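Input: a single structure, listed below in structure tokens.
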Amino acid sequence: MEEFLPFFPLKLVVFPDEKLNLHVFEPRYKQLVSECVAEGKSFGVPVFDTGIMEFGSEMIVEKVVKAYPNGEMDIVARCTRVFELVTFQEMVAGKLYAGGKVTFIENNKNGEAAQWSRLKELAAQLVEILRMDHKLNVADLTEEYQLAHKLGLSLAQEYDMLQMENQSQRYEFLISHMERAIPFVKEMERAKERIQLNGHFQHIDPLKF
């Protein structure tokens, strides 16, 4: 079923239940967010790269952190679900912002326990190699989306993942990414250690031995 959303295009991907902090300063987006807050409406964040992409995230404003005298705002928004564009209007009639009709895609929670276990195992390996334990506690993970921005995915890879309706597919996507990345990251870390070691020896005076 098609619905109409006002659009706030951004060059990023927002996954379901992910929160996004935004400073709203352009007139069109001040109008858009003000209306959403006043009327309890959601808005869409289509992914923007070289142009408007076909998929994006429906957002709700959870909190206006600060409202400035000139109409600018600091807000916290949260993604509720993923949509696919049906139509796009550069400027909605009588408004400053863009908008369009969308359909929402399913989010099938059909991932298998074995996949999730493998995913967390690989994530723990990567965290250990990169010494990222202060940034990511694997034990606290409850879903795959929490990993997506932590694993070095490109915008294109995140966009691909955004479109996946099946959790099992998202699991396999991230598992495959980490299985390819971990050997490369290990070698990079070893190379860094060798470089540091070589740099250390260059400062030793052999005449003192």
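The values are calculated or read from the model by the stated rules, or taken from the named source; none is laboratory data. Here the structure is a predicted model, which is why all the values come from computation and not from measurement. Every residue, glycine among them, receives a Cβ derived from its backbone with ideal geometry; neighbour counts consider all protein chains shown. Surface areas here come from the heavy atoms of the whole protein model, side chains and all, with no ligands, DNA or RNA. Shrake-Rupley method; radii C 1.70, N 1.55, O 1.52, S 1.80 Å.
Restricting the stretch 108-136 to residues that are assigned to a loop (DSSP other than H, G, I, E, B) and open to solvent by less than 60 Å² (accessible area, probe 1.4 Å), which is modelled with the lowest pLDDT? If we take residues in the stretch 108-136 being assigned to a loop (DSSP other than H, G, I, E, B) and open to solvent by less than 60 Å² (accessible area, probe 1.4 Å), then Met132 is modelled with the lowest pLDDT. Counting only residues that are open to solvent by less than 50 Å² (accessible area, probe 1.4 Å), part of a helix (DSSP H, G or I) and of a type in the set (A, V, I, L, M), which one in the stretch 156-178 is nearest to Ser57 (Cα to Cα)? Restricting to residues being open to solvent by less than 50 Å² (accessible area, probe 1.4 Å), part of a helix (DSSP H, G or I) and of a type in the set (A, V, I, L, M), the top hit is Leu162.
The condition of being in a strand (DSSP E or B), of a type outside the set (A, V, I, L, M, F, W, C) and over 18 Å from the mean Cα position of the chain (by Cα) holds for Thr103. Annotation for the stretch 28-45: no member residue is among the charged types (D, E, K, R), touching a residue at least 12 places away in the same chain (Cβ under 8 Å) and within 24 Å of His149 (Cβ to Cβ).
Among the residues examined, Val61 does not qualify as surrounded by 19 or more Cβ atoms within 10 Å (Cβ to Cβ) and touching an Asp or Glu at 6+ places or on another chain (Cβ under 6 Å). Selection within the stretch 48-98: residues that are of a type in the set (A, V, I, L, M, F, W, C) and farther than 21 Å from Val24 by Cα. The member of this set that is farthest from the chain's Cα centre (by Cα) is Ala93. Among the listed residues Phe104, Phe8, Phe83, identify the single one that is modelled with pLDDT of 95 or more, among the aromatic types (Phe, Trp, Tyr) and surrounded by fewer than 16 Cβ atoms within 10 Å (Cβ to Cβ). Answer to the check: Phe104. Quick test of your reading of the structure: Phe88 fulfils all but one of (1) within 16 Å of Glu2 (Cα to Cα); (2) in contact with a Lys or Arg (Cβ under 6 Å, 6 or more places away or on another chain). Name the failing condition by number. Exception for Phe88: condition (2). Restricting Leu32, Leu12, Leu5 to those that are assigned to a strand (DSSP E or B) and either over 15 Å from Phe83 (Cβ atoms) or in contact with an Asp or Glu (Cβ under 9 Å, 6 or more places away or on another chain) (or both) reduces the list to Leu5. Here Met73, Met91 are screened, and the one residue that is of a type outside the set (D, E, K, R) and open to solvent by 40 Å² or more (accessible area, probe 1.4 Å) is Met91. Lys19 falls short on exactly one of the conditions (1) farther than 15 Å from Thr80 by Cα; (2) loosely packed, with under 14 Cβ neighbours inside 10 Å; (3) touching a residue at least 24 places away in the same chain (Cβ under 8 Å), and that condition is (1).
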